[in-house]
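The next block holds one structure in the form of structure tokens; read it before the comments.
Readers should treat all values here as calculations from the given coordinates under stated rules, not as data from a laboratory. These numbers come from a predicted model, not from an experiment. Cβ sites come from the backbone with ideal geometry, for glycine too, and all protein chains shown count toward neighbours.
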Amino acid sequence: MEYLAKVKTKFILILAVLGALDLVLIVYLLWPGSSPSAKVAKEQALQQQVDTLNREVAPLQGIDKKLADTRVDVKKFYEQRIPSQFSQISQHLEKLVRETGVTALQGIHYGQDTGDKGAKNELPDVQRISIETTVTGEYAKVARFINALEQDKIVFIITQINLNGSEGGIVSLQIKCETFLRET
């Protein structure tokens, strides 16, 4: 009898352990996110996040080389299109006046532009120069001068054009523009 009591106790103990194990497995299967379909869905969501982050980071790949190339391009632009001496600007404008056949009766006036209300120059290593002149000539020649100014090797930015007068096919325009002087 004693033997049967021990076997009965062991049997109840084994049954209790198996019942607890079944309960744990049932909880595991019913737990949100533990089913195979939930795992697949979670994996797909994570893959979408990876893809999104890769797309966001893609433009930044190789940024060091892009920055170095940009610095070289800016330096080349400054050397080729921004004069380092004030006389280069004035000589070049006078050459454009001569080549296009217009006259600048009142001369060409230059000023160092500090920007709107003393704002700091936003371009490094260059000084902004304002230019004002009145050109007179036949309409086609004045148009050629403006076109030459806009397409010139040196950077000229026309900021304002005012018609001062027109008489017998001759026009007179007041032109305000800006250029830059490279600081050395």
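Where both bridge residues fall in segment 70-184, DSSP classifies roughly 100% of the beta bridges as antiparallel. Taking every alpha-carbon pair within the chain, the share separated by more than 22 Å comes to 69 percent. Its Kirkwood hydrodynamic radius, worked out from the mean inverse distance over all distinct Cα pairs, puts segment 83-182 at 14.1 Å. Here's the list of lysines a cross-link from residue 176 could span, going by alpha-carbon distance under 28 Å and ignoring same-chain residues fewer than 8 apart: 75, 76, 95, 117, 120, 141, 153. Along the chain, counting only trypsin sites (Lys or Arg not before Pro) with a DSSP assignment other than H, G, I, E or B and at most 11 other Cβ atoms inside a 10 Å radius, the longest segment between sites is 1-119. Relative to the compact-globule estimate of 2.2 N^0.38 Å, the Cα radius of gyration of segment 1-68 comes out at 2.49.
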